[in-house]
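*Asks:* Take this structure first; my questions come after.
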Amino acid sequence: MNPYVTLSGTMNELRKQGYVEDFNLLQQCLECRNGQYKLFADDFTVDNFYRFEGPSDPADMAILYAISSERYGLKGLLVNGYGISSDAVTDEMLQKLTVRDKGLS
C-alpha cells in the first residue's frame, strides 16, 4: 500500500524523513514543544503539503503540512482538519499556509 494514500501513512513516512515535531496553529504563529518554540511566518518554510478528503464527503478534508525552520533547526508536521481558511489566523499566516496547486496562480 502506498504510504501517501492515508493521512497516518503519510505522517509515518514524513517522520522517517525527520519531520518529528508536532506543530500547533495559533493566530500569529506555529508552536511546538508546549510553547518552547513559536515560529512566525518568516521563521518557517512549507516544504510540502498533502490533501486528504473523506471517501464519502469531500467536505471531510484534512491538509498535512511538512514544515521546516532553518532558524531553529526544526522539522515537523501540522495537520489542519478543515482547511487553513477556517481558522482565526493573521493574514500573514494565512498567506504562508494557503495551499496552491503548482502551476496555477
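*Asks:* In the stretch 1-25, which residues are free of Cβ contacts under 8 Å to residues at least 60 places away in the same chain and either aromatic (Phe, Trp, Tyr) or within 16 Å of ASN80 (Cβ to Cβ) (or both)?
*Replies:* TYR4, SER8, THR10, TYR19, GLU21, ASP22, PHE23, ASN24
*Asks:* Cβ-Cβ under 9 Å, sequence separation 6+ or interchain: first residue in the stretch 33-44 and in contact (Cβ under 8 Å) with a residue 24 or more places away in the chain, partner among the basic types (Lys, Arg). Which pairs?
*Replies:* LEU39/ARG71; ALA41/LYS96; ASP43/ARG71; PHE44/ARG71; PHE44/LYS96
*Asks:* Restricted to the stretch 37-60, and to residues that are assigned to a loop (DSSP other than H, G, I, E, B) and at pLDDT below 90, which residue is nearest to THR10 (Cα to Cα)?
*Replies:* Checking each candidate, the answer is GLY54.
*Asks:* Is it fair to say ILE67 is on the phi < 0 side of the Ramachandran plot, at pLDDT 95 or above and part of a strand (DSSP E or B)?
*Replies:* yes
*Asks:* Working only within the stretch 1-36, note down all residues that are of a type in the set (A, V, I, L, M), surrounded by 13 or more Cβ atoms within 10 Å (Cβ to Cβ) and not in a helix (DSSP H, G or I).
*Replies:* Matches in the stretch 1-36: VAL20, LEU25, LEU26, LEU30.
The values are calculated or read from the model by the stated rules, or taken from the named source; none is laboratory data. The structure presented is a predicted model; accordingly, all values stated were derived computationally and were not measured. Cβ: placed from backbone, ideal geometry, glycine included. Neighbour counts: every protein chain shown.
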